[in-house]
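Here is the structure we will look at.
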């Protein structure tokens, strides 16, 4: 059986057992028998209802009072006041809906002994075969190609609103043919079922990213909680764009897997979100500069709070994360100053809002600037109130991840301003007053500005490690060691129990270069996916697939510290041999890597920009050498490396 083939002996009876197809705008989940085929249909713009204006005028009137209550440790009162006055009216945004069901009746009445579904990557299509009893004549035929002797290339081009792929089919060791495949190709060792799953999921996530978004289209939709695929008129969480990690995770693989075009639809959407977020900033917070968005949004780019969940609803840094984690990251990978200039107003506007929103910490009174009110995503803490009673709270001032996000946001704006010749002195002043990460009583990175005890030590979010991944600020050894302790404590208490959380933890392991823990976490992925390899929260959420894809890429290539790091977290399961082609490092460097028996065999680095880069690798991954080399690359000048670095 070929790699990346899903093979089933019984029909898919449930929606969750079906196989997805799609083109970025239209999607379908295919299931059924040989006599009746059912396709659940989706179209990315089919949402319930139109745009809404939902800002609660009570928020602005009570903002100062909420901040005072937080400073006085009257957290319960602050939360009750926010629930009454910050909650949007109406409470909920719009939600994604299915397009309909398509039933295909064939009428042959054959009862087949088996059923085969086969998905081939790009362009995504489904092929079904079956055999039935009682037939006496051959009514069909099939054509075959012997891949041992032939190589077939298929090129498909659409208009300029679609991606163009070059597909190459050849035997598995035909490197010349594989080089013609100009997108990510993963060829990991596959001697066991677990390895097949790991490799298949890594490739599947990249394919889903390609078929789950509309490229450069006129519709401003992006990947929601279910991707394209949803069967419910009222889906869980509305299948909206949850922006306290889930939407962001959907796009984590875009740059490193060299599928940058898939990012475009998010940037188009951010223009609309920023435009509406200006009004929300004014009406909800009394801030005339910049824009803001909260922890959810919908097809209409609604930036106001969603639901009434005190531990999540009123968090207002989603726009800041989307700016620094996606607009700025796109620039770092591409070095496209035109793109940076085009998006400068969005970057600047996000930072300008927080120039006005930040306040001096009234609890610690150390002059640091913090967000207030805020939360550490969906988690709660124990605290002692003014009467000496132990209480549970969520709302706080200056949770660690807020400061991590804002340090990187203001830092990015300062760098971008220098590149573009823009004034950034105001941002530099704020940057110098933001809190740094602190280490708590267990040697962990503190989740809040005080070393509170977590209500859920094994919580699915690991927000205070944002600076490790997807952020890049946790690089010092002391803080990496504290991050390792933080992650260990989360896992010992049961963390990583949802597919997307597990994928995030895999990314964190990659950044820590912890091959043993990464191996363990990747091994758990088989229990976090459905039979069709969809990530399972439960229920199904697409983000886990994309997060896993990003994790695999990060284990093979990293560049966030400046140098290009090859095989930074090579798993024992993969060490026997494998290759990856078409990954991308920051600075617009395309990287191919192959290895055998845990040692680098060959690496190729190429770029359209002339540059000098430092490459690093663990010396244990070399036949000989010190593990660091300086290389020159540029147009027509690729760098070829082998396992000997002298």
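A few notes on this one:
- Residue 418 vs. criteria modelled with pLDDT of 95 or more, more than 29 Å from residue 537 (Cβ to Cβ) and either crowded, with 23+ Cβ neighbours inside 10 Å or in contact with a helix residue (DSSP H, G or I) (Cβ under 8 Å, 6 or more places away or on another chain) (or both): no
- Pick from the stretch 545-573, criterion free of Cβ contacts under 8 Å to residues at least 60 places away in the same chain and in a helix (DSSP H, G or I), ranking: farthest from residue 616 (Cα to Cα): 551
- Candidates 433, 449 - the one that is within 24 Å of residue 356 (Cα to Cα), touching a helix residue (DSSP H, G or I) at 6+ places or on another chain (Cβ under 9 Å) and not in a helix (DSSP H, G or I): 449
- Scanning the stretch 381-400 for residues that are assigned to a loop (DSSP other than H, G, I, E, B), surrounded by fewer than 20 Cβ atoms within 10 Å (Cβ to Cβ) and in contact (Cβ under 8 Å) with a residue 24 or more places away in the chain turns up 385, 386.
- Selection status of residue 26, over 29 Å from residue 310 (Cα atoms), at pLDDT below 95 and either within 28 Å of the chain's Cα centre (by Cα) or surrounded by 15 or more Cβ atoms within 10 Å (Cβ to Cβ) (or both): yes
- Sole exception among (1) crowded, with 16+ Cβ neighbours inside 10 Å; (2) over 30 Å from the mean Cα position of the chain (by Cα) for residue 637, by number: (1)
- Residue among 532, 588 that alone is surrounded by fewer than 24 Cβ atoms within 10 Å (Cβ to Cβ), touching a helix residue (DSSP H, G or I) at 6+ places or on another chain (Cβ under 8 Å), more than 23 Å from residue 326 (Cβ to Cβ) and touching a residue at least 24 places away in the same chain (Cβ under 8 Å): 532
- Some residue of the stretch 94-108 being crowded, with 16+ Cβ neighbours inside 10 Å, farther than 21 Å from residue 311 by Cβ, out of contact with any helix residue (DSSP H, G or I) (no Cβ under 9 Å at 6 or more places or on another chain) and modelled with pLDDT under 95: yes
- When the stretch 602-615 is filtered for residues that are surrounded by fewer than 20 Cβ atoms within 10 Å (Cβ to Cβ) and in a strand (DSSP E or B), the ones remaining, listed by number, are 602, 604, 606, 611, 612, 614.
- Sole residue being assigned to a loop (DSSP other than H, G, I, E, B) and surrounded by fewer than 19 Cβ atoms within 10 Å (Cβ to Cβ), chosen from 365, 282: 365
The values are calculated or read from the model by the stated rules, or taken from the named source; none is laboratory data. None of the values given here were measured: they were computed from a predicted structure. All Cβ positions, glycine included, derive from the backbone under ideal geometry; neighbour counts span all protein chains shown.
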